[in-house]
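To start, the structure under review is shown below, and the notes come after it.
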Amino acid sequence: MNAPDSALRQLWQRLGMIPVLVVLCAYYSVVTISSHTPAGAEAARQLVSRLTPAERPVLIVARTSEEDTAFLDALTEELNRRQLTVAGRVAGEPRDLRLVLEQLAATNTPLPAILTTPECAGWTLLQNVATRFPALGTPRILIPESVRWPTFLTRQNLLNVANQITVVAIVAAGMTVVIITAGIDLSVGSLIAFSAVLVTTLIRDRAGGPDASVAALWLCSLAGILASAGVGLFSGAMIAGFKVPPFIATLAMMQVVSGLAFIVARGGSVYEVPEGFTWLGRGTGWFGLPNAVWLMLGLYAATHVLMTRTVLGRRLYAVGGNPEAARLSGIQVGGILLFAYAFCGALAGLGGVLQASQLKSGAPTYGVMYELYAIAAVVVGGTSLAGGEGRIFGTLVGALIIAVIQNGMNLTGVESYRQKIVLGFLILAAVLLDLLKRRKWR
Amino acid sequence: MSAGTAPLLELRGITKAFPGVQALKRGELELRAGEIHALVGENGAGKSTLIKVLSGAQPPDSGTIRLGGQPVRIRTPHEGRQLGIAVIYQEFNLVPTLTVRENVFLGQEPGRQGWLSPAAERRELAALMTRLGLELPSEALCRDLSVAEQQLVEIARALRQQARVLVMDEPTAALSDREVDRLFALVRDLRRQGLGIVYVSHRLDEIFSLCDRATIMRDGEHVATRPLTELDRRTLIELMVGRKMDAEYPKRSVVRGEPRLVVRGLSRGTAVRDVSFDVHRGEVLGLAGLVGAGRTEVARLLFGADRADAGTVTLDQRPLSLRSPRTAIAGGLCLLTEDRKHQGLVLNHSVRENFGLPNLGHFSRWGFLGGAAELSAFQRQVDHLHVRVSGPHQRAGTLSGGNQQKVVLAKWLEANTEVLIFDEPTRGVDVGAKFEIYQLINDLAAAGKAILMISSDLPEVLGMSDRILVMREGRITGELSPASGATQADVLRLATHSDERP
């Protein structure tokens, strides 16, 4: 191999599947470009940016829907930030607008601009302000302009993608660790359901249901995670202690845990949880990103550090790469495997808590097929099922690739049956790409 | 060494039984600091078990181990390492997906409270390599290294752990001559540094040139420990096999017939370039050269295991298809691969299943296996070849190297092909079994088969072949005739660049 070749190879290997993700995002950005009228907070920002400094004070008008309220709130905030005076705020019907306009006309101050939604701009009253209230001058009526922008790249859509992947991605992080040890964990889907119903049932029965305190919510969630880790530990013990093949051990636990989930929930769903329980799944944290996304990123960072910076991480790789060599190096292979499965179980339990929080309920039917989505994310992310190699962030990229393709297909109107076929071939393609990559440079 | 000083390591009366086998009846070993101590014996003599006891991989059933005069117990490989006993096995115990550096420190990572310290590792590794005079790509993955480099990684790892006792099991089995020289220089240097080195090898030349004393084992028992200056080659062999040996290579009268296998212009990339030769009826044609010279590649092309870019092969004037092993077998060719464990045997399967694999056509009717016919054929070959198996259901992976080779031989003999290609037929095979394999090759030649034998063991090539072709960088660089006095030096000259010292 000559030097430029190996530099290229290194770059290619370091990037892994990121180029694929970038190409996919670019593709769906191009094909989903369309005229797009912003609404809510986005519309507010656009309108304020179009105001000239002379145009003050302004009147803001919208209706009372959720989106319009967000629009008005954002406008108020944005205008205050720029120290532009708000002459008045109308949230309601043309009748409410008339009252405000009459009051303003009475003070005899000119009104240079009215900021409103396209819908309200259609009101006859608004169109005739200049003639009916001459005292106000001739206000400019600003409505959000439509822009050509990819639907894929709208804030709302990207948040959708992020929210969709959080549970699978968190579970896939644990799965990556297990697969790096040359194992597999098929029980994670069942663990999501088990953890979700366990946590919600505990909240309902032990913590006072909708009146549960925040501390109780934390404790119940922790219990769900620990119970799932315990299940993982059990699988690990079967695998490390009795040499049960991981596929079989976790296949068995997948059944057992699913059954447990139905028993705990008595076959139904649990809805009696407080509003505060949705903080994790639906709440928004720093920089407007959902809490769940922060949790996911934090876990990936922590797992990455574990795998690359700690002795334990290197031994996980070693056990997957050659268990006999690891054993002869004085590594307790069994202990390492126990950790891997317990860790994977704990993350699956956390995934269950998150799922329950997102859906504000727990049901034993959650998590079906999630083990396969998680494995797919790991494989697409470039981790070898043979063990010993692979990177944690590769799995995040893999999960994103799958989510982006799914989302893109939804946006472009591909029906769900065809989506399945595409995803199936995607997994094959990822594995082939991986094989090809190795062959080409060796 | 004066009488008052305790030896570095002493094993006395070690026994170890596995289900159905008493692997060690009386294992003894006395190793001094600053000596290279050969451990020799036939396959199944108990050398490997003794090493496993020493390393902690297999705790003994009884017996005592003293290290520096103090009795010690070694129950796990970890304990063995902590006592300063490092073992380099024949199958390397590196993690292929980790880098050289990561492998060297595996299990004993420097750093604090579970955190790795790559900087400390790099520093320590650099110092270690300077001390050993090694140059290794420390950030390369171990699977990308050559066998020789991997071995050096193993040595570096052993010495990083302050080993006092270094055990090397067949370290030169897969090395070229130049790599062997380099290894020996390193081992001698370690002896100077005061290590005790246990050296296990079937290559007697190496033992005589490298080692100080030898411990000989037979059938799980200690036979003798003697300085090598008091031994000659023949005595050593006789101690190993427990009977008188007349010669290392069986004699036979060559009756060379007409050409049977005719190869013309065989090529594949840069590995094999325009190779042409004939193998005659009743002839053993030796194919010599350094590792990587293209010998194995030629064999794989003939057998259809790889696709040739160009070239024709005829057997008795009939053209042979080189498409796949299947057509090669049908055409009358068989290949006994050098890598038995990966290419010659299905280790998980029983010896009988392995035996039947290429012969299913003979033993089956309408796709059903014919159990009885297969079993009787198997029994016939096992008796004929003196294969030591407990029964047809023994797993191939549990056999010793020599017996594995015999099972491979048995399955191909049963296939009764006209051309037999032997790739390193006696690698890892003990002296007694070697002689039997040589005898068998001669019998096959006498029966009119055409035989191509690839070997890195120069005395073997010279002792067994009627003619020798030497390869270098994919080309045939010359032909030699042992009968007219060709020597090892002649082979080496053709195998290496003539302007370099062999």
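A straight chain from A:Lys360 to A:Leu153 at 0.36 nm per residue would run longer than the Cα-Cα distance by 71.7 nm.
A simple spin-label model places pseudo-atoms 7 Å from Cα toward Cβ; at A:Val30 and A:Arg45 they are separated by 2.6 nm. With coordinates expressed along the principal axes, the C-alpha atoms belonging to chain A extend over 92, 65, 40 Å, beginning with the largest.
Ordered by solvent-accessible area of protein heavy atoms (1.4 Å probe), largest first, the residues A:Tyr373, A:Tyr271, B:Tyr199, A:Tyr366 come out as A:Tyr271, A:Tyr373, A:Tyr366, B:Tyr199. The calculated FRET efficiency for B:Asp443 paired with B:Arg143, based on their beta-carbon distance and R0 = 35 Å, is about 0.30.
Placing +1 on the Cβ of every Lys and Arg and -1 on the Cβ of every Asp and Glu, with nothing else charged, gives the protein assembly as shown a dipole about its Cα centre of roughly 320 debye. For region B:74-88, accessible area lost to neighbouring protein chains reaches 30 Å² or more, against the chain alone with a 1.4 Å probe, at B:Pro77, B:His78, B:Arg81. Stokes-Einstein diffusion for region A:122-259, with the hydrodynamic radius set to the Kirkwood value over Cα pairs and evaluated at 25 °C in a medium of 0.890 mPa s, equals 124 µm²/s. What the Cβ-Cβ distance of B:Thr76 and A:Val256 gives, at R0 = 41 Å and to the nearest 0.05, is a FRET efficiency of 0.80.
Between region A:233-277 and region B:53-96, how far is it from one alpha carbon centroid to the other, in angstrom? So the separation of the two Cα centres works out to 41 Å.
For region A:40-145, the orientation-averaged shadow of the C-alpha convex hull comes to 5.7 nm² (one quarter of the hull surface).
In the assembled protein chains, A:Phe234 presents an accessible area of approximately 100 Å² (probe radius 1.4 Å). Bridges between two residues of the protein assembly as shown, per DSSP, are antiparallel at a rate of about 50%. Coordinate range of the alpha-carbon atoms in region A:285-442 per principal axis, descending: 55, 41, 34 Å. Would you please state the base-10 log of I(q)/I(0) at q = 0.07, 0.09 1/Å for chain B, with intensities from the Debye formula using one equal scatterer on every alpha carbon? Debye curve over Cα of chain B, log10 I(q)/I(0) at q = 0.07, 0.09 Å⁻¹: -0.41, -0.69.
Helical content alone sets the calculated 222 nm signal of the protein assembly as shown at -15500 deg cm²/dmol, taking -39,500 (n - 2.57) per DSSP H segment of four or more residues and averaging over every residue.
Contact order, relative form, for region B:9-241: 31 percent (alpha carbon pairs under 8 Å, 6 or more residues apart, mean separation divided by residue count).
With contacts taken as Cα pairs under 8 Å and at least 6 residues apart, chain B reaches a relative contact order of 15 percent. With all protein chains in place and ligands, DNA and RNA left out, the 1.4 Å accessible area ranks A:Glu67, B:Glu418 as A:Glu67, B:Glu418, largest first.
In percent, rounded to a whole number, the relative contact order of region A:85-228 is 15, using alpha-carbon pairs under 8 Å and six or more apart.
Given a 1.4 Å probe and the protein chains as shown, B:Lys411 ends up with an accessible area of around 20 Å².
Given their separation in residues at 0.36 nm each and the Cα-Cα distance between them, A:Leu226 and A:Val244 gain 4.2 nm when the chain is fully extended.
Mind telling me which of A:Ala356, A:Ala105, A:Ala169 comes out most flexible in a GNM of chain A, alpha-carbon contacts under 10 Å? Largest GNM mean-square fluctuation: A:Ala105.
Spin-label model, A:Asp73/A:Ala429: points 7 Å from Cα along the beta carbon direction are separated by 4.1 nm. Full extension of the chain between A:Trp123 and A:Val305 gives 59.7 nm of extra length, using 0.36 nm per residue less the Cα-Cα distance. The accessible-area loss of region A:304-322 on complex formation, taken against its chain alone with a 1.4 Å probe, reaches 10 Å² or more at A:Val305, A:Thr308, A:Arg309, A:Thr310, A:Val311, A:Arg314, A:Arg315, A:Tyr317, A:Ala318, A:Gly321, A:Asn322.
With a simple spin-label model that places each label point 7 Å from the Cα along the Cα-to-Cβ direction, the separation between A:Ala130 and A:Gln419 comes to 4.9 nm. Since only B:Ala148, B:Leu8, B:Val100 are under comparison, the one whose Cα sits farthest along the positive direction of the charge dipole of chain B, derived from C-beta charges on Lys, Arg, Asp and Glu, is B:Leu8. Diffusion of region B:118-181 by Stokes-Einstein, at 25 °C in a medium of 0.890 mPa s and with Rh set to the Kirkwood radius over alpha-carbon pairs, works out to 192 µm²/s. Out of the DSSP beta bridges found with both residues in region B:9-241, what percent are antiparallel (nearest 5)? The antiparallel proportion sits near 55 percent.
Taking all protein chains as they are arranged and a probe of 1.4 Å, the heavy atoms of B:Arg164 leave approximately 110 Å² accessible to solvent.
Could you tell me the calculated FRET efficiency between A:Asp205 and B:Lys25, based on Cβ-Cβ distance and R0 = 60 angstrom, to the nearest 0.05? After rounding to 0.05, the efficiency reads 0.35.
The residues of region A:129-264 expose on average 43 square angstrom of accessible surface per residue, using a 1.4 Å probe on protein heavy atoms. Karplus-based coupling profile of region B:101-107, in residue order and whole Hz: 4, 5, 5, 4, 9, 4, x, with θ = phi - 60° in 6.51 cos²θ - 1.76 cosθ + 1.60 and x standing for Gly or Pro.
Here's how it looks for B:Ala288: its modeled amide H is under 5 Å from those of B:Leu469, B:Val470, B:Met471, which are all 5 or more places away or on a different chain.
Rounded to the nearest 100, the interface formed by chains B and A buries 2100 square angstrom of accessible surface, both chains summed, with a 1.4 Å probe. Solvent-accessible area per residue in region A:279-438 equals 40 Å², computed with a 1.4 angstrom probe and all protein chains kept. Residue pairs exceeding 23 angstrom between C-alpha atoms, taken from B:Lys25/B:Lys406; B:Lys47/B:Lys406; B:Lys16/B:Lys411; B:Lys25/B:Lys47; A:Lys243/B:Lys411; A:Lys243/B:Lys47: B:Lys25/B:Lys406; B:Lys16/B:Lys411; A:Lys243/B:Lys411; A:Lys243/B:Lys47. The value for region B:9-241 of Rg(Cα) / (2.2 N^0.38 Å) is 1.02. Run a plain Debye calculation on the protein assembly as shown (Cα atoms as equal point scatterers, no solvent) and give log10 I(q)/I(0) at q = 0.08, 0.11 Å⁻¹, rounded to two decimals, same order as the q list. At q = 0.08, 0.11 Å⁻¹ the computed log10 ratios are -0.92, -1.39.
Applied to region A:318-327, the Karplus parametrisation 6.51 cos²θ - 1.76 cosθ + 1.60 on θ = phi - 60° returns per-residue 3J(HN,Hα) values of 5, 4, x, x, 6, x, 5, 4, 5, 4 Hz, with x for Gly and Pro. Largest accessible area first, the residues B:Ile451, A:Ile427 order themselves as A:Ile427, B:Ile451 under a 1.4 Å probe with ligands, DNA and RNA left out.
Evaluated at q = 0.13 Å⁻¹, a Debye calculation over the C-alpha positions of region A:114-157 (equal weights, vacuum) places log10 I(q)/I(0) at -0.43. Carbon and sulfur together cover what percent of the accessible area of the protein assembly as shown at a 1.4 Å probe radius? In the protein assembly as shown, the share of accessible area belonging to carbon and sulfur is 56 percent.
The values are calculated or read from the model by the stated rules, or taken from the named source; none is laboratory data. This one's a predicted model, so the numbers in the text were calculated from it and none came from an experiment. In this analysis, Cβ positions are derived from the backbone assuming ideal geometry, glycine residues included, and neighbour counts consider all displayed protein chains. Just the protein is used for accessible areas: all its heavy atoms, side chains included, with ligands, DNA and RNA removed. Shrake-Rupley method; radii C 1.70, N 1.55, O 1.52, S 1.80 Å.
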